[in-house]
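Step one of this worksheet: look at the structure below.
The values are calculated or read from the model by the stated rules, or taken from the named source; none is laboratory data. Note that the coordinates shown come from a computational prediction; the quantities given were computed from them, not determined experimentally. Glycine also receives a Cβ, built like all others from the backbone with ideal geometry; neighbour counts cover every protein chain displayed. Heads up: the accessible areas ignore ligands, DNA and RNA and are worked out on the full protein's heavy atoms, side chains in. Shrake-Rupley method; radii C 1.70, N 1.55, O 1.52, S 1.80 Å.
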Amino acid sequence: QVQLQESGPGLVKPSETLSLTCAVSGYSISSGYYWDWIRQPPGKGLEWIGNIDHSGGTSYNPSLKSRVTMSVDTSKNQFSLRLSSVTAADTAVYYCARHGSFTMVPPRSFDYWGQGSLVTVSS
Amino acid sequence: QSALTQPPSASGSPGQSVTISCTGTSSDVGSYNYVSWYQHHPGKAPKLMIYEVNKRPSGVPDRFSGSKSGNTASLTVSGLQPEDEADYYCSSYADSPLYVFGTGTKVTVL
């Protein structure tokens, strides 16, 4: 059973950098798939932030690209998100998730998710 | 980027059916058969219910079905059960960004 678990500070000050890690169990990141970050501001819908593959290749949402950095640590079977220069608009529940390429099953859909980590941006 | 448009709410009595629409554009729903649907009970991890427009992952009841016409996809839940009460989100592969989500629909079982 594949499981994902987010961890990181629940409170970040404005202008600082938000950092989250997603630990994966039940599946080796090195075996494939893409590893995503998705967020949900309070009372709003989901927003795709970006993803990373096992070799460190990334794709980011253009609206956040200038502030986002993702990394992967295959030895620890985890991947991370850094979002710089945060503002109150970045307050959200952050989810990590897995999705497959178009050749995988299920393709281009998020088949496993973490339970989410609430990050509040406030001084 | 614009989110896919879903109705804020939908409801039905146990045993009835409810259909949720998900309207996008020719840059996402209209161009790709990679529409998926997620069930989200607050505080829990979202769950994949439908992928590739109309396919169900193992373990998802066949009461859940999906379809697409043009720029609009739909999720139908037949034979509503109390445990179906949740938020539902659609998602589509897209030109840019790579994935867009719907605004979300709260399904209430009366």
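Numbers for the structure displayed
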{"quantity": "Within region A:1-23, considering residues that are among the small types (Gly, Ala, Ser) and in a loop (DSSP other than H, G, I, E, B), the one surrounded by the fewest Cβ atoms within 10 Å (Cβ to Cβ)", "calculated": "A:Gly10"}
{"quantity": "Any hit, region A:50-66, residues being surrounded by 12 or more Cβ atoms within 10 Å (Cβ to Cβ), at positive phi, within 11 Å of chain B (Cβ to nearest Cβ) and in contact with a Leu (Cβ under 8 Å, 6 or more places away or on another chain)", "calculated": "yes"}
{"quantity": "Residue under evaluation A:Val86, criteria (1) part of a strand (DSSP E or B); (2) open to solvent by less than 20 Å² (accessible area, probe 1.4 Å); (3) not hydroxyl-bearing (Ser, Thr, Tyr), criterion not met", "calculated": "(1)"}
{"quantity": "Any pair with Cβ under 9 angstrom, 6 or more apart, that starts in region B:1-22 at a residue that is free of Cβ contacts under 8 Å to residues at least 60 places away in the same chain and ends at one that is aliphatic (A, V, I, L, M)", "calculated": "B:Thr19/B:Ala10; B:Thr19/B:Leu75; B:Thr19/B:Val77; B:Ser21/B:Ala73; B:Ser21/B:Leu75"}
{"quantity": "Number of positions in region B:36-56 that are touching a residue at least 24 places away in the same chain (Cβ under 8 Å), under 24 Å from A:Gly43 (Cβ atoms) and either surrounded by fewer than 16 Cβ atoms within 10 Å (Cβ to Cβ) or among the β-branched types (Val, Ile, Thr) (or both)", "calculated": "2"}
{"quantity": "Candidate set from region B:6-35 (those that are assigned to a loop (DSSP other than H, G, I, E, B) and at the interface with another protein chain (Cβ under 10 Å from one of its Cβ atoms)); member that is most open to solvent (accessible area, probe 1.4 Å)", "calculated": "B:Asn33"}
{"quantity": "Qualifying residues in region B:57-74 (those that are of a type outside the set (Phe, Trp, Tyr) and part of a strand (DSSP E or B)) - the one most open to solvent (accessible area, probe 1.4 Å)", "calculated": "B:Ser69"}
{"quantity": "Qualifying positions in region A:24-45 - farther than 12 Å from A:Gly116 by Cα and surrounded by 14 or more Cβ atoms within 10 Å (Cβ to Cβ)", "calculated": "A:Val24, A:Tyr27, A:Ile29, A:Gly32, A:Tyr33, A:Tyr34, A:Trp35, A:Asp36, A:Gly45"}
{"quantity": "Filter result (more than 9 Å from chain B (Cβ to nearest Cβ), out of contact with any Gly (no Cβ under 8 Å at 6 or more places or on another chain) and either within 21 Å of A:Asp73 (Cα to Cα) or among the aliphatic types (A, V, I, L, M) (or both)) within region A:33-48", "calculated": "A:Trp35"}
